[in-house]
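Reviewing the structure listed below.
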Amino acid sequence: MCDVQNAKTERNHKFPVEIVLTNEDLEVEYMQYICPDSTLIIVDDNSWIHGITEHVFRKHGRPLHQVQQEVLNLLQGRLLVGHDLQHDLKALGIQHELPEESIRDTANS
């Protein structure tokens with residue numbers, strides 16, 4: 001399963017600030033904060049939803065390109081199951097990187 005938390009940028013775009021991937025037993029296999037580029041202005045960290053403040057993801061996060069590669073490597077040859085995955089994959093910028101047959105989105109069932 002996959003879950004992505006987002007923040008809002010100055011142009012009202014969403015930027016992913018955390019991703020969590022779990023296995024079929026719901027054990028966390030990957031959890032990472034994502035740090036936006038220093039030029040990206042966050043207008044709402046949405047911490048009221050997920051509890052992650054801008055200070056936390058800027059201090060402890062990895063760059064998006066690094067997280068994208070780590071996630072793609074971890075998911076290679078695996079089945080990704082979750083709800084509204086296209087939203088999460090789009091937020092991560094990897095919606096076209098995974099084969100369609102490797103995704104089971106319960107929002108489309």
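The values are calculated or read from the model by the stated rules, or taken from the named source; none is laboratory data. What you see is a predicted model, and the numbers here were worked out from it, not measured in a lab. FYI the Cβ positions are ideal-geometry reconstructions off the backbone, even for glycines, and counts take in every protein chain you see. Keep in mind that these areas ignore ligands, DNA and RNA; they rest on the heavy atoms of the full protein, side chains included. Shrake-Rupley method; radii C 1.70, N 1.55, O 1.52, S 1.80 Å.
A few comments on the model shown:
- Residue among Asp37, Asp45, Asp84, Asp25 that is under 11 Å from Cys2 (Cβ atoms) and of a type in the set (Asp, Glu): Asp84
- Residue check, His83 open to solvent by 90 Å² or more (accessible area, probe 1.4 Å), in contact with a helix residue (DSSP H, G or I) (Cβ under 8 Å, 6 or more places away or on another chain) and touching a residue at least 12 places away in the same chain (Cβ under 8 Å): yes
- Residue, least open to solvent (accessible area, probe 1.4 Å), within region 18-38, restricted to residues that are farther than 14 Å from Leu74 by Cβ and either touching an Asp or Glu at 6+ places or on another chain (Cβ under 6 Å) or part of a strand (DSSP E or B) (or both): Ile34
- Thr106 open to solvent by 60 Å² or more (accessible area, probe 1.4 Å) and among the polar types (S, T, N, Q): yes
- Scope region 50-80; condition open to solvent by 90 Å² or more (accessible area, probe 1.4 Å) and in contact with a Lys or Arg (Cβ under 9 Å, 6 or more places away or on another chain); matching residues: Leu79
- Filter pass, His65 being under 24 Å from Arg11 (Cβ atoms) and over 15 Å from the mean Cα position of the chain (by Cα): no
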